[in-house]
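Remarks on the structure that follows.
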Amino acid sequence: MIGPNRFRSASCICETVFDYAGKLAEVGRIEELMGSPGFWDKQEKAQQTVAQLKSLKAVLKPLDEAVRAADDLTALSEMADEDPSFAEEVVKEVSRLERLVEDLELKSLLNGPHDSAGAIISIYARDGGTDANDWAEMLLRMYSQWAAKNDYSVELLDRQDDEVAGIQSASVAIRGPMAYGYLKGETGIHRLVRISPYNAEGKRQTSFAAVDVSPEISDDFEIEINEADVREDTFRASGAGGQHVNKTSSAIRLTHEPTGIVVQCQNERSQHKNRSTAWKMLRARMARIEEEKREAEEAEKYKSKPRTGFGSQIRNYFLHPDQRVKDSRTGVSATNFHHVMDGDIQEFLDVYLRWRVSQDQN
């Protein structure tokens, strides 16, 4: 017989690793807070609290299920000792429990300081002309589709359409349990090879788009930004949005001069709302820089570790001569290009998390 004690021990370890009691207490505290008068008066802060609750429950639910499954396996194993006809059920239950434990092990990798936060994804067309603009919009759709498949919300923060096709750049906030933890590995250059639909001669075209992912941090999180270091420019919004948007200088661009970080927002009609969103995006980018500094300190002892930060080519997408997608860091491939573009990228995200840990341990 396959002994269940191994899984009983694993469930106990999982409870300790995930601080089960602490998370359960935090869920109780948040639910009590949500029931208090005036909780919804400040909508943005309330939504951040709700997102925190969802992230906690995203860990507690599979943990509860794994603990119950371990208990059931113990009872089923004892029955099988007396009646061999239950042996097949034990094997099935072991297989189910192994999948649960594997899911928990993956979630245990989402332990960064901002992993439970929402993600702000910015996409920029790079080399490749109109094809690059089209490619950038394809990536924007890919991440939006991934969010929809996981019941995450997507809010458009900024979008600059190209005059011919696609986008020059766009920024969206994706909110859901561990959104940033899953998506932060998408930062880098994404390369597409295909027969160009914009080339009359039908030649093969290589296009590039840059993706940057930052955590959507709460207003309570302290980020030191000297306002004197930030230059603010206003300009007229371009593209769709109505006459008022296009005829007034409602769009906001912020430049953090010490780092060269530039963010902008033109999605709202109100200059005040655009300014607020732009500051949120700047704080997110600064939080990402602080996280990268910590990661760099951790990686200092691993001199041969491949670079995975912004500006590196992380994934190749091919529509010609064959259809496939291959991650440059992990080596993981997908043979259905269109499924990936429809948001089926979870395998890439999961494997990257495990790869990152293996790199830290080497």
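Take the conditions part of a helix (DSSP H, G or I), within 18 Å of Lys23 (Cα to Cα), modelled with pLDDT of 75 or more and not assigned by TED's automatic domain parsing to the domain that holds Tyr352 and apply them to Leu97. Does it pass?
Numbers: part of a helix (DSSP H, G or I): yes; within 18 Å of Lys23 (Cα to Cα): no; modelled with pLDDT of 75 or more: yes; not assigned by TED's automatic domain parsing to the domain that holds Tyr352: yes.
When the stated conditions are applied, Leu97 does not pass them.
Just one of the numbered conditions (1) modelled with pLDDT of 75 or more; (2) among the small types (Gly, Ala, Ser); (3) surrounded by 12 or more Cβ atoms within 10 Å (Cβ to Cβ) is not true of Ser312; which one?
Result: Ser312 passes all but (1).
Which one is nearest to Glu290 (Cα to Cα) among residues in region 209-229 that are surrounded by 10 or more Cβ atoms within 10 Å (Cβ to Cβ) and modelled with pLDDT under 85?
Applying the first criterion (surrounded by 10 or more Cβ atoms within 10 Å (Cβ to Cβ)) to region 209-229 yields 209-219, 221, 223, 225, 229.
Checking which are modelled with pLDDT under 85 leaves us with 217-219, 221, 223.
Working: Ile217: 12, Ser218: 15, Asp219: 16, Phe221: 13, Ile223: 9 Å.
Top of the filtered list is Ile223.
Hey, does region 128-137 have a residue that's under 14 Å from the mean Cα position of the chain (by Cα) and of a type in the set (Val, Ile, Thr)?
If we filter region 128-137 for residues that are under 14 Å from the mean Cα position of the chain (by Cα), which is where we start, we get none.
No: region 128-137 contains no residue that is under 14 Å from the mean Cα position of the chain (by Cα) and of a type in the set (Val, Ile, Thr).
Could you go through region 179-187 and let me know if any residue there is modelled with pLDDT under 95, closer than 24 Å to His320 by Cβ, under 16 Å from the mean Cα position of the chain (by Cα) and not acidic (Asp, Glu).
No, there is no match, as no residue in region 179-187 is modelled with pLDDT under 95, closer than 24 Å to His320 by Cβ, under 16 Å from the mean Cα position of the chain (by Cα) and not acidic (Asp, Glu).
Is there any pair linking a residue in region 177-201 that is at positive phi to one that is among the β-branched types (Val, Ile, Thr) and in a loop (DSSP other than H, G, I, E, B), with Cβ under 7 Å and at least six apart or on different chains, and which?
Gly188/Thr308
Please name all residue pairs, on different chains or six or more residues apart, with Cβ atoms under 7 Å, provided the first residue is in region 338-350 and is farther than 11 Å from His190 by Cβ and the second residue is among the basic types (Lys, Arg).
Gly343/Lys149
When the residues of region 3-48 are narrowed to those that are in a loop (DSSP other than H, G, I, E, B) and surrounded by fewer than 15 Cβ atoms within 10 Å (Cβ to Cβ), which ends up modelled with the lowest pLDDT?
Of region 3-48, the ones in a loop (DSSP other than H, G, I, E, B) are 3-4, 18-19, 35-38, 42.
Right, trim to surrounded by fewer than 15 Cβ atoms within 10 Å (Cβ to Cβ) and you get 3, 19, 35-38, 42.
Values: Gly3: 48, Asp19: 69, Gly35: 86, Ser36: 87, Pro37: 88, Gly38: 84, Lys42: 79.
Looking at residues that are in a loop (DSSP other than H, G, I, E, B) and surrounded by fewer than 15 Cβ atoms within 10 Å (Cβ to Cβ), I get Gly3.
Report whether or not Val101 is more than 30 Å from Gln168 (Cβ to Cβ) and touching a Cys at 6+ places or on another chain (Cβ under 9 Å). Lay out the reasoning, then the answer.
Values: more than 30 Å from Gln168 (Cβ to Cβ): yes; touching a Cys at 6+ places or on another chain (Cβ under 9 Å): yes.
Considered against the rule, which asks whether it is more than 30 Å from Gln168 (Cβ to Cβ) and touching a Cys at 6+ places or on another chain (Cβ under 9 Å), Val101 comes out as yes.
Criterion first (free of Cβ contacts under 8 Å to residues at least 40 places away in the same chain and either polar (S, T, N, Q) or buried (at least 17 other Cβ atoms within 10 Å of the Cβ) (or both)) does Val154 satisfy it?
Yes: the conditions hold for Val154.
For region 137-149, check the following and say yes or no: at least one residue is in contact with a Leu (Cβ under 8 Å, 6 or more places away or on another chain), buried (at least 21 other Cβ atoms within 10 Å of the Cβ), outside the structural domain of Leu53 (by TED's automatic domain parsing) and aliphatic (A, V, I, L, M).
Among the residues of region 137-149, not one is in contact with a Leu (Cβ under 8 Å, 6 or more places away or on another chain), buried (at least 21 other Cβ atoms within 10 Å of the Cβ), outside the structural domain of Leu53 (by TED's automatic domain parsing) and aliphatic (A, V, I, L, M), which makes the answer no.
Quick check on Ala80: is it in contact with a Phe, Trp or Tyr (Cβ under 9 Å, 6 or more places away or on another chain), within 23 Å of Arg175 (Cβ to Cβ) and surrounded by 12 or more Cβ atoms within 10 Å (Cβ to Cβ)?
Numbers: in contact with a Phe, Trp or Tyr (Cβ under 9 Å, 6 or more places away or on another chain): yes; within 23 Å of Arg175 (Cβ to Cβ): no; surrounded by 12 or more Cβ atoms within 10 Å (Cβ to Cβ): yes.
Considered against the rule, which asks whether it is in contact with a Phe, Trp or Tyr (Cβ under 9 Å, 6 or more places away or on another chain), within 23 Å of Arg175 (Cβ to Cβ) and surrounded by 12 or more Cβ atoms within 10 Å (Cβ to Cβ), Ala80 comes out as no.
Any residue in region 88-102 that's touching a residue at least 40 places away in the same chain (Cβ under 8 Å) and under 13 Å from Val67 (Cα atoms): show its pairings with residues that are of a type outside the set (A, V, I, L, M) and buried (at least 20 other Cβ atoms within 10 Å of the Cβ) at Cβ separation under 7 Å, as long as the two are six or more apart or on different chains.
Leu97/Phe7
State which residue is modelled with the lowest pLDDT when the search covers only region 315-362 and only residues that are closer than 24 Å to Lys107 by Cβ, part of a loop (DSSP other than H, G, I, E, B) and out of contact with any strand residue (DSSP E or B) (no Cβ under 8 Å at 6 or more places or on another chain).
Asn362
Determine, yes or no, whether Met142 is within 17 Å of Ser207 (Cβ to Cβ) and under 13 Å from the mean Cα position of the chain (by Cα).
yes
Only residues that are aromatic (Phe, Trp, Tyr) and surrounded by fewer than 18 Cβ atoms within 10 Å (Cβ to Cβ): list them for region 315-354, please.
Of everything in region 315-354, those that are aromatic (Phe, Trp, Tyr) and surrounded by fewer than 18 Cβ atoms within 10 Å (Cβ to Cβ) turn out to be Phe318, Phe337.
Taking the options Leu139, Leu157, name whichever one is part of a strand (DSSP E or B), out of contact with any Pro (no Cβ under 8 Å at 6 or more places or on another chain) and of a type in the set (A, V, I, L, M, F, W, C).
Only one candidate qualifies: Leu157.
The values are calculated or read from the model by the stated rules, or taken from the named source; none is laboratory data. Computed from a prediction, not measured in an experiment: that's the story for all the values here. Neighbour counts are summed over all protein chains in view; Cβ atoms, including those assigned to glycine, are modelled from backbone coordinates with ideal geometry.
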